[in-house]
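Chemist: Let me give you the structure first, and then I'll get to my questions.
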Amino acid sequence: MLKLISSRLCVGLLMLLPLAALAQPLSAMTSQAVNVRAGPDPVFPLVTWLPRSEPVRVVGCLRGSPWCDVVAGRTRGWVHSRYLSHVVRTRAPEIEFSVEDYWRAHYPRSRWYPTLSGWAEWESPSFTPPPVPRGGLFGSR
């Protein structure tokens, strides 16, 4: 009886492996120098820029949008998929974006974090981005 349960558990776990593999970030490279943004639109603050041929991990791409959430070293942000080589959008996990959740997770010490409340309506046609304080990624210390 124990052997049968153990066998079924192993088969069940093996069936989950392809799903886990699909959820893993994809490897890609930048196809040219590209800006990394704090959100999936050029209006978002600039996090940094990456040079051509920089390896990145694609966490996922925004549903219905060409923007992908990427990680390069210790940098995380959004890049337009046209600047990423080897990214097949059908293979990248579809993800959603919430400014509040994303910024709280990845940019709580950034110079633009204090403007978070001004980004709530970023998808509306009449949206105007709030001014971002000057300085480096994390401002002056």
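Chemist: Take the range 33-92 and flag every residue that is within 9 Å of the chain's Cα centre (by Cα), among the aliphatic types (A, V, I, L, M) and farther than 19 Å from residue 109 by Cβ.
Modeler: Of everything in the range 33-92, those that are within 9 Å of the chain's Cα centre (by Cα), among the aliphatic types (A, V, I, L, M) and farther than 19 Å from residue 109 by Cβ turn out to be 58, 59, 62, 70, 79.
Chemist: So, one more: Among the residues of the range 96-129, which ones are at pLDDT 95 or above and either among the aliphatic types (A, V, I, L, M) or on the phi > 0 side of the Ramachandran plot (or both)?
Modeler: Residues satisfying the conditions are 99, 105, 116.
Chemist: Also: With 26, 62 as the choices, which residue is closer than 30 Å to residue 120 by Cα, aliphatic (A, V, I, L, M), in contact with a Phe, Trp or Tyr (Cβ under 9 Å, 6 or more places away or on another chain) and at pLDDT below 95?
Modeler: Working: 26 fails: in contact with a Phe, Trp or Tyr (Cβ under 9 Å, 6 or more places away or on another chain).
Of the residues listed, the single one that is closer than 30 Å to residue 120 by Cα, aliphatic (A, V, I, L, M), in contact with a Phe, Trp or Tyr (Cβ under 9 Å, 6 or more places away or on another chain) and at pLDDT below 95 is 62.
Chemist: Among residues belonging to the range 80-115 that are surrounded by 15 or more Cβ atoms within 10 Å (Cβ to Cβ) and touching a Cys at 6+ places or on another chain (Cβ under 6 Å), point out the one that is farthest from residue 36 (Cα to Cα).
Modeler: 92
The values are calculated or read from the model by the stated rules, or taken from the named source; none is laboratory data. The model shown is predicted, which means the values in this text are computed figures rather than measured ones. With ideal geometry, Cβ positions are generated from the backbone for all residues, glycine too; neighbour counts draw on all protein chains shown.
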